[in-house]
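The values are calculated or read from the model by the stated rules, or taken from the named source; none is laboratory data. In this text, all values refer to a predicted model and were calculated from it rather than measured experimentally. Ideal geometry is used to build each Cβ from the backbone, glycine not excepted, and the neighbour counts take in all protein chains shown. Remember, those area values only see protein heavy atoms, side chains included, never the ligands or the DNA or RNA. Shrake-Rupley method; radii C 1.70, N 1.55, O 1.52, S 1.80 Å.
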Amino acid sequence: MTSTADRTTDTTKAVADVLKMPGPRPSRPTAWSTSLSFGWRALLKIKHVPEQLFDVTMFPIMFTLMFTYLFGGALAGSTDAYVQFLLPGILVQTVVMITMYTGLTLNKDIEKGVFDRFRSLPIWRPSPLVGALLGDVVRYTIASIIVLILGLVLGFRPDGGIVGVAASIGLLLLFSFSLSWIWTMFAMLMRTEQAVMGVSMFILFPLTFASNIFVDPATMPGWLQAFVGVNPISKLVTAIRGLMAGSVQSADLVVVFGWCAGFIVIFGPLTMRLYNRKS
């Protein structure tokens with residue numbers, strides 16, 4: 001009879017032979033593939049916590065209806081006339097305001113220790129951060145579509161046509177992705193998601209309300225006009241209004257692209273430096 005020791009030896013040899021068998025070694029995942037995987041993870045979190053879609057569904061509807069009917073008659077004489085001016089701006093405000101949730105989500109993952117596991121994986125280092133931002137681009141797209149559909153129902157008619165509207169959304173998504181790096185940096189710096197939200201709101205409220213979203217800056221005091229003139233949100237709104245009207249100026253697009261590049265070049269490396277220091 002075969003003893004237990006002999007059977008154990010045979011099993012050990014069989015395992016060793018399998019391990020020695022030549023075979024193709026899996027290739028190292030690319031930066032793009034790992035980023036997309038983490039982007040898909042961000043979307044799966046929405047599937048399991050559908051309440052996360054509240055900000056991209058109800059907020060756009062609430063903002064659009066509230067500002068159209070609150071200010072339309074007083075500022076433009078009618079809501080039909082005002083919605084032509086307001087909708088590109090309210091589109092920007094809606095999407096830009098929800099970019100801060102990127103920082104909140106990342107801060108929550110960091111506090112739970114999830115990112116400690118990510119850093120131990122043999123993947124491109126920024127993948128978890130870039131993937132989270134890419135996943136949020138889907139949320140920005142949903143919010144943009146909701147605002148546009150509601151605007152069309154209210155009477156908004158873009159002279160730039162489908163091309164102008166599509167280019168506007170693309171530019172807004174690029175700007176929002178770039179701006180999100182700021183909140184990602186704060187997610188690394190702040191200890192709680194409440195602190196991230198507080199700082200984000202402190203920055204976003206002046207940028208969105210002290211802009212050309214709701215009224216023409218010509219009606220503002222000189223000192224406020226100076227701020228609105230250099231406000232990146234105002235630059236973005238001007239470019240998107242031009243695209244939707246079919247009369248965009250190339251200089252406006254160049255300025256917006258410059259802001260996008262600046263956000264990524266400055267806050268991207270800062271975020272990665274903070275991320276690596278947490279190792």
Exercise. Go through the residues of region 238-246 one by one and say whether even a single one is at pLDDT below 95 and not hydroxyl-bearing (Ser, Thr, Tyr).
Key: yes
Exercise. Taking Ser27 as meeting all but one of (1) under 30 Å from Ile90 (Cα atoms); (2) modelled with pLDDT of 70 or more, write down the number of the exception.
Key: (1)
Quiz item: On the given criteria, is Val165 at pLDDT 90 or above and under 21 Å from Phe63 (Cα atoms)?
Solution: yes
Practice problem: Can you work out which of the residues in region 104-123 that are among the β-branched types (Val, Ile, Thr) and outside any loop (DSSP other than H, G, I, E, B) is surrounded by the fewest Cβ atoms within 10 Å (Cβ to Cβ)? | Solution: Val114
Exercise. Considering only residues that are without any contact (Cβ under 8 Å) to a residue 60 or more places away in the chain and of a type in the set (S, T, N, Q), look in region 212-226 and name the one that is surrounded by the most Cβ atoms within 10 Å (Cβ to Cβ).
Key: Gln225
Quiz item: Does region 192-211 hold any residues that are open to solvent by 40 Å² or more (accessible area, probe 1.4 Å) and in contact (Cβ under 8 Å) with a residue 24 or more places away in the chain, and which are they?
Solution: Thr192, Glu193, Met197, Met201
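Every residue, every condition in (1) assigned to a loop (DSSP other than H, G, I, E, B); (2) more than 11 Å from the chain's Cα centre (by Cα); (3) buried (at least 22 other Cβ atoms within 10 Å of the Cβ); (4) on the phi < 0 side of the Ramachandran plot, yes or no:
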{"position": "Leu129", "(1), (2), (3), (4)": "no, yes, yes, yes"}
{"position": "Asp136", "(1), (2), (3), (4)": "no, no, yes, yes"}
{"position": "Ile149", "(1), (2), (3), (4)": "no, yes, no, yes"}
{"position": "Val165", "(1), (2), (3), (4)": "no, yes, no, yes"}
{"position": "Leu179", "(1), (2), (3), (4)": "no, no, yes, yes"}
{"position": "Trp183", "(1), (2), (3), (4)": "no, no, yes, yes"}
Self-check item: Wholly enclosed helices (runs of 4 or more DSSP H) of region 189-256 bearing at least 2 residues among the charged types (D, E, K, R) and under 21 Å from Met97 (Cβ atoms)
Solution: 232-245
